[in-house]
Structures are given as structure tokens and as C-alpha cells.
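Inspection log for the structure reproduced underneath, given as C-alpha cells.
The values are calculated or read from the model by the stated rules, or taken from the named source; none is laboratory data. It should be emphasised that the depicted structure is a prediction, and the values quoted were computed from it without experimental measurement. Note that we place each Cβ from the backbone using ideal geometry, even for glycine, and neighbour counts take in every protein chain shown. Heads up: the accessible areas ignore ligands, DNA and RNA and are worked out on the full protein's heavy atoms, side chains in. Shrake-Rupley method; radii C 1.70, N 1.55, O 1.52, S 1.80 Å.
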Amino acid sequence: MAFLTLLLGGALASVAEAAQPGAASPVAAPMRELQWGQLNFLHTTDTHGWHGGHLQESQYSADWGDYISFAHHMRKRADDEGRDLLLVDTGDRVEGNGLYDASTPKGQYYYDIYREQDVDILCVGNHELYQAETADAEHERTVPNFKGKYIASNLDYIDPKTGKMSPMAQRYKKFQTKNQKLNIVAFGFLFDFTGNANNTYVQPVRNTIKEKWFQDAAREETDLFVVIGHVGLRMQEFKDIYTAIRRLNWHTPIAFFGGHAHVRDTVRFDEKALAIASGRYFETIGWMSIDGITKKIGETPTTSVSFNRRYIDNNLLGLYHHTGLNKDSFPTDHGRNVTKMIAQARTELNLDYTFGCAPRDYWMTRTPYPGKDSIYTWLEEEVLPDIATSKERKEKARLAILNTGAIRFDIFKGGFTRDTTYIVSPFTSVFNYVPDVPYIVAQKVIKLLNNAGPILKSLSTIPDARFMGIPEQFATTQSIIHQRTKGVAHSNLGNDYQQPFGQDRPALVGGYTTIDDMGNDGDDAVHSPIDFYNVPNCVQAEIEFPSGREPDTVDVVFLDFIQPWVLLALEYAGGEFTAEDCTILIPLLFVS
Ligand SMILES: *[C@@H]1O[C@H](CO)[C@@H](O)[C@H](O)[C@H]1NC(C)=O
Ligand SMILES: *[C@@H]1O[C@H](CO)[C@@H](O)[C@H](O)[C@H]1NC(C)=O
């Protein structure tokens, strides 16, 4: 039972062209060009089932079929010019959109849609591993679909019948590029994830890099290392891999591709090592190009290596622009077929079925919390009181706690569809509660969850408290935690981009205005900035409180995902409770 199915019950009033039918039409923006090099990459990450594109957001409304057409034209150009192009995907392809989540079993259509793209190097994300069935499907479908391309440097799969543990896929890959004949050694990592089901084993990166196979591979005389990983660029795991390779191999360039943090970002490790992260939810197709790679294996290179990067909006008009094509010449037969496959899957899954209408936009981070446009304030005030309630306990005073990470996307004004339910909260969470907690104890819990990171973190038995929050905040890079100040909106518009169709400055569409280690010119489309406000780990609603006084005891209600932190916070606050004290709350809405 998804928590969002509940949300629908109480909260919404009733009502009723690009890639997918009904998708918002794209809007042109001033464009920055792609900088082609000897070797070029297209990168997707954290697509979370959004292979149908963003039907409600014009700047990201191209679909996986369009990406297939795009990659085809880009490969052709690379071939024509004697350059190389490689496609990379760094995991979390599943969970987060009806196209994946709405079928039983999940992913009934996704695996066949995804495999149509010819991805050259891919790895796993944590979302492929939470549920045993998802990891099984990854092992049975995606790995064979991408045989020789899937890399699992620190991931093992445990066979359910024999209990035997073996690498999910090859540990690394050595190959030569098609046109330039560049020698490449590639790795594929996952961060030190511990929340996986018991049919996989994730080896901590610091241990993997000590293994002989890795040490040997990192000593290879090659033209380039490619390290892909479902790892935030600024997380320790990438630093460790970088250091380990550099210790053995001083000169060879390294290209890193990361994800997990859901941000556009670039980190420069040194003159010859660059890392990019390409956002989330198939909003972004990352671009990296490298020039000056020398083929004098074993010798100190004489030329310097140069890297470039772009974050391509998944916008059809932008894809036309970068290929020099138009709506007639752009789609390939293959791309059109996949667009049709997606449309058919969406129809069969009834994803456009409308439950109701959101009367206005509710934002996660674009407005301050608390505030009238905050999705979290709306949840506290209007949703939680309706859904965090059961027949037996409905008169009890209670605190209902929701972790902000349980919400994954904004709600846009307009139709609230079956797809929206999976988009906003893909997690199959339930509410648990601890009954009759002295209020003097219970009232301290929310503060501990939000402000006592260090205290909660000091216990190695439970994960970092920040896991309760949203992944976008985990990155803690200056580049994303920003807030618009007056006048800044246009300050980053240099003369380094082209106006579309010879127009004078068109009205800019709100979108990414990324600042990373290489500057502020990474985004391919020039946007006006969107605000980003931090949110706490958890929010809380006070329900059925007596008027004019504090209750003596309350029920503490929370999503099951955060139970370990809640129990620990209760303990710090002076209450001893264990998992046995936690009961599933059967919401009233489900009883009727
Ligand atoms: C893995 O977990 C499942 C479900 O909780 C359990 O039935 C199974 O015995 C576990 N397997 C191992 C090897 O621990
Ligand atoms: C597209 O689909 C048609 C009909 O299913 C099929 O005959 C054709 O081979 C497909 N073309 C490509 C390039 O996939």
C-alpha cells in the first residue's frame, strides 16, 4: 500500500505535443553548443522510470524513444568525423514513475523499453537493490540485456536456489573505441549502500579498491580510465577510487560519471581527472567530451588533456538544435517505435487516469518551508490529519511524523493522475505508531530527528540521519543550495549562447542554472533560476490536541522507513521503546 494512495483519499478536489501524447509542447531557449572532442559521452542517471519524459514540463518532455533518435544522430556524426561517442548510465533506473511502478510485477514494460537504447557502460543504483525481486529482475533481465556492458565492481548477487554468491556482472571492462581506437579501462561502482535486500552483497568501496583485480586493473597501461558509479561526486567513495588509481597511475586521464545526489554537478579532481553528474528523472542528458588523449602508452604525455561538459535539457527542441535536424528529420524509425511502445504501456497501465485536480502547485524546495505553497506544510495541515488516523485511536492526541525524503516530486496544478501518485511518492511505506508516549518525551523527537544529526550519527547501527531527507540536499554543494536574490536572474547570461531562431532575448523558462567546478556555463539551455530552499529531515503534524493545554500522552505516528531513527530519538528523549512497541496503523480511510 503506497502512502500516496492514502494521500489521495483525503486531499484533492474532483475534475478532468511532443513525445508522448498529451505531453507539454517544448519551449525554445537560448542555447549553448556542445563541444565535440576526440571522445564524447552521453550520460543518464537516476532516471527512476521517467522514460516517458515529463508530460507536465515542457523543458523535459522528450522520451526514451527521442533519446534513441538523438543518440543515433550523434553516433553518426562521431563516425563521420572519426570521433567516438559512448553512452553511460549510472543506475537508479527504477522506482519513481508509474511506467515502472504501476504494473504487477513492477517493471513489466520498463525492461523492454530501456533495453532499446544501446548503452555502452552501465552500473547499478541502490534502487535496483531495495527489493529482492528488483535485484532478481536486474540479474535476470538488465544484466543479460547489456551483456559485456554492465559492470559490477563491488556488487555480488546471491543465487536464491544455491545460496552461491558471485559477481553481478564483470568487475571491470577493457575495450577499444570504434574510431579512435582508444584503449579504455572502465569500472562500475555503487556507493557503500547497506539497505539492500539479502540477495545481493555490496562490498564497501574502500575494500574493493584493495583487491588484487582492482590494483591490477588500475595499473593497466591504458589511454583512459572511465569510472562510472552510482555515487555522489562529492562522496568519499569517489575520492577513494580517484586516490587509488592515481597512486598507481600518475598520468592517465580519468573520466568519472556519478549520480545518486540528483544534481547537475562537475568536480575537477586534477588536470586530467574530471567527474560529472547528470541530474535526475531523465530531465538531463549529460555530455562530457575529452581532447588531447595520447596514444603513447607508457610514456609521459606531451599534450595536455582538456575536458568539457554540458547538461542537456531533455527538451525536443534542444535535441533538434544539437543535431541540426527538425521534427521531420529527427525521429528515426527505431526512436518512433520506442515512443510507441511507451505510449502503449502508459495506456495499458492507465497512467493518465485522473483521480482529481490539484488546485495549485505544491513545491518541495522552490518555496520556503513552512509556507503556503510548501508541499510539506500542506501535508502537515491538510493531509496527515486525514490519513494518520485509525478507527481505534482516532480520538487520541498524536504526532504524525513524515520524512521529507518520502516525497520525491512537486505536485503541479492540474490533473492528478495515477502516474502522479507514483511520481510523488514511489515508496511502499506504511504508518506505524507507538501508543501513549508521555508528551514531555514525544515532543522532543522532531527536534532530535532534524537537528541532532551528529548524535544520531554517532551510532553506527543505524544509517546517517540525512537519509530521511531528500537526496538533492545530500549533495551539499554550493551549486544547488541557492536562493534567488534580486538581480541575479540574468547575471549569468554571457554571450556564449545562441538565440533560437534569431529572436531577441526570449522570455526565459525557469530551470537549471548550474554552478559547478568549471563555472556557470554548463547548462545547454539558458534558464531563469529556480529557488532552492532547504527542508528539514522530517515534518510533523499535531493532531487531536486538546485546546489550550498540552496532552499528557500522545501516539507517535511515523512512516515505517524512519522507525530506527524515531526509536533512537525517543530513547534520547527519555523513553525506552523497542520495535515490539510499534504497531501498524490501519488508516481509517481504508476501513470504509
Ligand atoms: C532473506 O530474506 C528472506 C525474507 O526476509 C528470508 O526468507 C530468507 O531466508 C533470507 N535469506 C537469507 C540467505 O538470509
Ligand atoms: C519498428 O517497428 C516495426 C513494426 O513493429 C518493425 O517492423 C520495424 O522493424 C521496427 N524498426 C526498428 C528500426 O526498430
So what are the ³J(HN,Hα) numbers for the range 510-527, from phi and the Karplus equation (6.51, -1.76, 1.60; θ = phi - 60°), rounded to whole Hz, Gly and Pro as x? x, x, 5, 10, 6, 10, 9, 4, 9, x, 10, 10, x, 6, 6, 9, 7, 10
Per-residue counts of other Cβ atoms within 10 Å, averaged by peptide: what ranking do you get for 319-330, 273-284, 63-74, highest first? 273-284, 63-74, 319-330
Can you list residues from other chains, or at least 5 along the same chain, whose modelled amide H is less than 5 Å from the amide H of ASP410? MET364
log10 of Debye I(q)/I(0), alpha-carbon scatterers only, for the range 4-348 at 0.13 Å⁻¹: -0.99
Distance between modelled label sites at LYS372 and THR583, nm, 7 Å Cα→Cβ extension: 4.0
Of the accessible area of the chain, computed with a 1.4 Å probe and all protein chains kept, carbon and sulfur make up a percent value of 50
Point-charge dipole on Cβ atoms (K/R +1, D/E -1) for the chain, about Cα centre, debye to 20: 1100
Ranking HIS334, PRO30, GLY163 by how far each Cα lies towards the positive end of the charge dipole of the range 4-348 (+1 on Lys and Arg Cβ, -1 on Asp and Glu Cβ), the top one is GLY163
List the residues, sorted by chain then number, that are 5 or more residues from LEU85 or on another chain and whose placed amide H is less than 5 Å from its amide H. ASN40
Would you list which aspartates and glutamates come within 14 Å of LYS396, measuring only between C-alpha atoms, while excluding same-chain residues fewer than 8 positions from it? ASP386, ASP436, GLU542, GLU544, GLU550, ASP552, ASP555
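Keeping every protein chain present and rolling a 1.4 Å probe, give me the accessible area per residue for the range 4-348 in Å².
For the range 4-348, the solvent-accessible area averages 36 Å² per residue.
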FRET efficiency for GLU544 and GLU571, Cβ-Cβ distance as r, R0 = 35 Å, nearest 0.05? 0.90
Please list, in order, the residues from the range 106-141 whose amide nitrogen is less than 18 Å from a point placed 7 Å along the Cα→Cβ vector of LYS161. 133, 136-141
SER304 to GLU221: FRET efficiency via 1/(1 + (r/R0)^6), r the Cβ-Cβ distance, R0 30 Å, to the nearest 0.05? 0.95
Put +1 on the Cβ of every Lys and Arg and -1 on every Asp and Glu Cβ in the range 296-380; which of TYR320, TYR376, GLN344 then has its Cα farthest towards the positive end of the dipole? TYR320
I'd like to compare 405-415, 203-213: which one has the highest average count of other Cβ atoms within 10 Å, and what's the full order after that? 405-415, 203-213
Trypsin sites (Lys or Arg not before Pro) within the range 49-148, DSSP loop, no more than 16 other Cβ atoms inside 10 Å: ARG115, LYS147
Explain nothing, just the number: dipole magnitude of the range 4-348 about its Cα centre with +1 on each Lys and Arg Cβ and -1 on each Asp and Glu Cβ, in debye rounded to the nearest 20. 840
Sort 42-49, 251-258 by the packing proxy (mean of other Cβ within 10 Å over each peptide's residues), most packed first. 42-49, 251-258
As a test of the formula, what do you get for the chain when each DSSP H run with n ≥ 4 contributes -39,500 (n - 2.57) and the sum is divided by the residue count, at 222 nm and rounded to the nearest 500 deg cm²/dmol? -6000 deg cm²/dmol
Extending each Cα 7 Å along its Cβ direction at LYS76 and THR347, get the distance between those two points in nm, one decimal. 2.8
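Can you give the % of DSSP beta bridges in the chain that are antiparallel, to the nearest 5?
Numbers: 54 of 88 bridges.
Once the DSSP bridges in the chain are tallied, antiparallel ones form about 60 percent.
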For a 23 Å ceiling on Cα separation, which of these pairs sit above it: LYS212/LYS295; LYS239/LYS447; LYS181/LYS272? LYS212/LYS295; LYS239/LYS447
